[in-house]
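One structure is given here, and the rest of the page talks about it.
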Amino acid sequence: MELTNTSALVTGAASGLGEATARALAARGVRVVVADLNDGAGRALAEELGGTFAHCDVTSTDEVIAAVDAAVAMAPLWSVVNCAGIGWATRTIGKDGEYASAHDLDLYRKVIEINLVGTFNVCRLGATAMSHNTPDEDGLRGAIVNTASVAAQDGQIGQVAYSSSKGGIVGLMLPLARDLSVVGIRVNTILPGLIDTPIYGTGPASDEFKARLGEGVLLPKRLGYSSEFASLALELLANSYMNAESVRLDAGIRMQPK
């Protein structure tokens, strides 16, 4: 699938996986909408890449439509990459056995709402715009890449909410791909492992912590780079025969219970 002279919507694009993907797309001649809640970093990146910034809460229909429309205004929207999401870690029940110390239900709902519902919201609205594209020789009108996590399959202690949300993203992929096949839109999902993003912080203590984490990776024994995620995302977008697939990007790690 040809990406040059098309547009892309990347959520969570102001940092980490989203930023690396936005940069890689721009390098391929794609006009990128940097969609994020971080206005300062998002605008700076969009200006650097010659794209457009969209302040976007992925759970907001109006804000996602505005981001989609911003992409279409630059060029036909052929790519959507969902990187926006949050993490949360807490056990299901407390040590004191009291109802009040059980996992906060509102926090569980928040993680599901942003990670899972937000991903689907962007998919349904982005695909609607893509459906208006003129199909290529394979009958394609666009492609979507969603971001899950190895936690969808190897959820650790305390990751009930996060793993639920990421498992949901894996679960929606096949029926979503089937739904959208009638209009020529492919859907794939990446399950990243331990990727070096700003979530781990910076400085000597952070470097030491990341080095310890890397020891548990099969090969190579390090955290992944955001650029490696971006490289895979671009392949899933550009390779017309990749559809309805979940791909682990984890260097062979299998997460232990804790």
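The values are calculated or read from the model by the stated rules, or taken from the named source; none is laboratory data. What you see is a predicted model, and the numbers here were worked out from it, not measured in a lab. So basically every Cβ, Gly included, is an ideal-geometry build from the backbone, and we count neighbours across all protein chains shown.
Looking at Ser163 and the list (1) touching a residue at least 40 places away in the same chain (Cβ under 8 Å); (2) crowded, with 20+ Cβ neighbours inside 10 Å, which single condition is not satisfied?
(1)
Could you please tell me which pairs satisfy a Cβ distance under 9 Å, a separation of 6+ or placement on different chains, a first residue in region 4-24 that is free of Cβ contacts under 8 Å to residues at least 60 places away in the same chain and more than 25 Å from His132 (Cβ to Cβ), and a second residue that is of a type in the set (Asp, Glu) and in a helix (DSSP H, G or I)?
From region 4-24, the pairs are Ala14/Asp39.
Can you tell me which residue among Ala54, Ala46, Ala13, Ala41 is at pLDDT 95 or above, within 14 Å of the chain's Cα centre (by Cα) and not charged (D, E, K, R)?
Ala13
Return yes or no: is Thr202 crowded, with 18+ Cβ neighbours inside 10 Å, more than 14 Å from Arg124 (Cα to Cα) and of a type in the set (Ser, Thr, Tyr)?
So Thr202 fails the test.
Search region 194-220 for residues that are of a type in the set (A, V, I, L, M, F, W, C) and pair each with any residue that is in a loop (DSSP other than H, G, I, E, B) and at pLDDT below 90 when their beta-carbon atoms are under 9 Å apart and the residues are at least 6 apart or on different chains.
Close Cβ pairs satisfying both conditions: Phe209/Gly201.
So which of Ala151, Ala230, Ala238, Ala211 ends up being over 21 Å from Leu125 (Cβ atoms), small (Gly, Ala, Ser) and modelled with pLDDT under 95?
Testing whether each residue is over 21 Å from Leu125 (Cβ atoms), small (Gly, Ala, Ser) and modelled with pLDDT under 95 leaves just Ala211.
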